[in-house]
Amino acid sequence: GPGSLEERAAYVDEIRDQLESGEFAAGGETVTVPGAVRATPSGLAVVGVGLLENIEANRILLIYLSALFVFAFLSVRLRSVVRALLSMVPVLIAVGASSLVADLFELQLSPMTAVGGPLVIAACTEFTSLILLRFIEERRRGLPPREAMDATASRTGRAFIVSALTAISGVAVIACSSLPLLRDFGMVVAMNVTVALLSALVVLPPMLVWAEQRGWVTHGMLENPGRVTRDEDPGPL
């Protein structure tokens, strides 16, 4: 009958256990299957359960590989391991938060939604990269760290918030589908993009200001990379 892959997995596992033991419960009695009889569960439900189990087994590995590749690319592109690490902190927070939110709302995992981790990494990295690069541009114009972040938020914040909301709205439409697989996919992806956006907006700005006050963000990128300890320090560096 209709049901989630998790529910069907329980039935498939029970059938396999009974086949291995050779005993079945039927009508309140235990029936022993003759040794010459061999059987195995099959069909579309078994294929779906097997696919889900394989993806679940490799889901953590997919997240680790995605984070590793993104970190390597950012280290080369930004020419700094420190800047790459600053960009990755909100990304990793978003990955963990999305899993917690999915458990909280009991969102069903499927072969389509099991790749949510790499999706969160991709979306959140886009947001953090935009904020970081724009922040560096404002610092090059001579603004102190806090003012540079305020300018970054006012000039780019609205643009990528609108971009993120349109993406969330477009994917959320899929959640209206009558097909459970597509409905769960739309809900999970929309939730993942929302968490990625909030993580980039809430975590990254104060972290960049804190790090730049110690000269870590724009190290080697300004004409005078002297340490800035107060937001009130005037003049271009």
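The values are calculated or read from the model by the stated rules, or taken from the named source; none is laboratory data. What you see is a predicted model, and the numbers here were worked out from it, not measured in a lab. Each accessible area value is taken on the protein alone, full model and side chains, heavy atoms only, with ligands, DNA and RNA left out. Shrake-Rupley method; radii C 1.70, N 1.55, O 1.52, S 1.80 Å.
Below are the figures for this structure:
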read-out	value
Relative contact order computed over segment 1-77 (Cα-Cα under 8 Å; 6+ residues apart), in percent	30 percent
Spread of Cα-to-Cα distances over 5 Å intervals beginning at zero, given as percent, for segment 1-101	2, 10, 13, 13, 12, 10, 8, 7, 7, 7, 5, 3, 3, 1, 0
Stokes-Einstein D (µm²/s) once Rh is taken as the Kirkwood radius of segment 140-218 over alpha-carbon pairs, at 10 °C in 1.306 mPa s	110 µm²/s
Carbon and sulfur %, accessible surface of segment 96-197 computed with the full protein complex present, 1.4 Å	66 percent
Compactness relative to 2.2 N^0.38 Å, alpha carbon Rg of the chain	1.42
Thr194 accessible area, 1.4 Å probe, all protein chains in place, Å² to nearest 10	50 Å²
Span-like helix ranges in the chain, DSSP H, alpha carbon extent 15 angstrom or more, Kyte mean at least -1.0	5-21, 44-77, 81-104, 116-140, 158-172, 180-212
Pairwise centroid distance, computed over Cα atoms, of segment 138-173 with segment 42-76, Å	31 Å
